[in-house]
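Have a look at the structure below before the remarks.
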Amino acid sequence: MTLVLYVVVTGLVATSLFFGIRYFVRAYIRYRDSRLIICPNNAEAAIVEVDAVHAALTSAFGQPDIRLQNCWRWPLYQNCGQECLVQLDVAPPECLVRGVLMRWYGFKSCLYCGKRFEQIQLLDHKPALQSPEGKLVDWSEVAIKDLQIMLKNYKPVCWDCYIAQSFRKDHPDLVVYRPGRNDISGGADGSSASRHL
């Protein structure tokens, strides 16, 4: 009798843990990404990040307690009422920063090699940007508050060209420029020579 009771209790605990962890992971995934919203204070676009762990933990006991973890208007306006939170439950996936980047890269070609962006890898082989001054910028260097400006003024660079151009700029003595090879034209400045490496 006690063996059956232990098996039943163990089964119930294991099932509860399975569904609890599954529910937590789903709630965490739902709130983890940065989102583009309209700030109620100044009616301008802003990017916010929800405290996904807190939202997932509190969702286990009913309605999740959603609060911001980061906003591009902070720390100057950190004590705002966070009225923008009402937009997050109804925000479509296109409002996620990842969705914004996917749409932006989707209609563009690499500045160096001209290859169109078909499938964007935002985890390991992230595309990059080139500033109007010619500086290569990795997405990890982009502040949330500068996203809109960068998407408007910067040019897209594929991951391969970002790596090649970064190497060319960091180690110019190790790069050999061969004009006319592989039907690629460009100057010694590397403007179209990223595939030579």
Reachable lysines, given that their alpha-carbon falls under 23 Å from the alpha-carbon of Lys169 and they are not under 8 places away in the same chain: Lys115, Lys126, Lys135, Lys155
Proxy reagent accessibility, fewest Cβ within 10 Å first, across Arg35, Arg116: Arg116, Arg35
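Order by neighbour count: Lys108, Lys152, fewest other Cβ atoms within 10 Å first, most last. Spell out each step's value before the answer.
Numbers: Lys108 14, Lys152 8.
Ascending Cβ contact count within 10 Å gives the list Lys152, Lys108.
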Listed residues Phe61, Leu5, Tyr31: farthest to the positive end of the dipole of region 2-94 (Cβ charges): Leu5
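For a footprinting-style exposure proxy, rank Leu174, Leu57, Leu36 by other Cβ within 10 Å, fewest first.
Ascending Cβ contact count within 10 Å gives the list Leu174, Leu57, Leu36.
When N counts the residues of region 7-52, how does its alpha-carbon radius of gyration compare numerically with 2.2 N^0.38 Å, as a ratio?
Details: Rg = 18.2 Å, N = 46, 2.2 N^0.38 = 9.4 Å.
Taking the Cα Rg and dividing by 2.2 N^0.38 Å, one obtains 1.93.
Every read-out reported here was derived from the displayed coordinates using simple, explicitly stated rules and does not represent laboratory data. Computed from a prediction, not measured in an experiment: that's the story for all the values here. Cβ sites come from the backbone with ideal geometry, for glycine too, and all protein chains shown count toward neighbours.
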